[in-house]
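Trainee: Just passing along the structure, written as structure tokens.
The values are calculated or read from the model by the stated rules, or taken from the named source; none is laboratory data. The structure presented is a predicted model; accordingly, all values stated were derived computationally and were not measured. Reconstructed Cβ throughout: ideal geometry from the backbone, glycine too, with neighbour counts over all protein chains shown. For accessibility, only protein heavy atoms count, side chains too; no ligands or nucleic acids. Shrake-Rupley method; radii C 1.70, N 1.55, O 1.52, S 1.80 Å.
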Amino acid sequence: AWIVGLLFVSPVLWMVLTSLHSEPDAATNPPSFFAPLTLDGYANFFGAASGASPWPPLINSFSASVVSTILVLA
């Protein structure tokens, strides 16, 4: 069960680790495990550089998924 659990969790962990690398470091092949980690991608997403807010599209997606789930369950 532990091996199966690790197989299911490992892609998620890989995705989170890759999101913490800079763009050039994330695009290297083979990937570098010792590249410096940064939160710049998340800062740009939340509008540090442009001032744009990601919350309206995120709330729209969240509400559409909740309504869709409720309709399917009903």
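Trainee: Using modelled amide H (1.01 Å from N, peptide plane; none on Pro or chain starts), what sits under 5 Å from the amide H of HIS21, excluding residues fewer than 5 places away?
Mentor: Answer set, sorted by chain and number: THR38.
Trainee: Which value in deg cm²/dmol, rounded to the nearest 500, describes the helix-derived mean residue ellipticity at 222 nm for the chain, given -39,500 (n - 2.57) per DSSP H run of n ≥ 4 and division by the residue count?
Mentor: -19500 deg cm²/dmol, from helical runs alone.
Trainee: Additional query: Per residue, how much accessible area does the chain show when a 1.4 Å probe rolls over the protein heavy atoms, in square angstrom?
Mentor: Normalised by residue count, the accessible surface of the chain is 85 Å².
Trainee: Could I ask something else about it? Quick one: if you stick a label point 7 Å off each Cα along the C-beta vector at PHE34 and LEU17, how many nm between them?
Mentor: The two pseudo-label positions are separated by 1.5 nm.
Trainee: When only Cα pairs under 8 Å and 6 or more residues apart are kept, what is the percent relative contact order across the chain?
Mentor: Computed over the chain, the figure is 17 percent.
Trainee: Calculate, in whole percent, how much of the Cα-Cα pair population of the chain lies beyond 19 Å.
Mentor: Summing the P(r) of the chain above 19 Å gives 61 percent of all pairs.
Trainee: Is the stretch 3-45 best put as rounded, prolate or oblate by its Cα gyration tensor, with a ≥ b ≥ c the root eigenvalues, rounded for a/c under 1.5, and otherwise prolate when a/b is larger than b/c, oblate when not?
Mentor: oblate
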